[in-house]
1. Return the only residue of Q63, Q35, Q42 being buried (at least 16 other Cβ atoms within 10 Å of the Cβ), polar (S, T, N, Q) and on the phi < 0 side of the Ramachandran plot.
2. Can you tell me which residue within the range 36-57, out of those that are touching a residue at least 12 places away in the same chain (Cβ under 8 Å) and out of contact with any helix residue (DSSP H, G or I) (no Cβ under 8 Å at 6 or more places or on another chain), is farthest from C11 (Cα to Cα)?
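Read-outs throughout are calculated quantities, based only on the coordinates presented, and are distinct from any laboratory measurement. From a predicted model like this one, the values you see are computed outputs, not experimental measurements. In this analysis, Cβ positions are derived from the backbone assuming ideal geometry, glycine residues included, and neighbour counts consider all displayed protein chains.
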Amino acid sequence: MSLVLLGTEGCHLCEEAQALILRLDGKIPWDVFLQDIGESEQMVERYGERIPVLRYEAPADGQDAELDWPFDEQDVLEFVHNISQT
């Protein structure tokens, strides 16, 4: 399973979120990928005011989940735990 950290270049909050995720390396059993929302007008419309956003894209039979900034390490761990339970 994997998570996506949505952000954009030059976003200092996105850089903070990325650093936080890196500190959790080994505590989260999933891969985390970065996605620049600037590559899609639709993504900018949806997430432009909300980034950084940690997103879980569920399999076809599941439900997607998102964690909006601000979040801390404990919030991320709880987010991952809750997703794992579904």
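1. That would be Q35, the only listed residue that is buried (at least 16 other Cβ atoms within 10 Å of the Cβ), polar (S, T, N, Q) and on the phi < 0 side of the Ramachandran plot.
2. For the range 36-57, the residue satisfying everything is E57.
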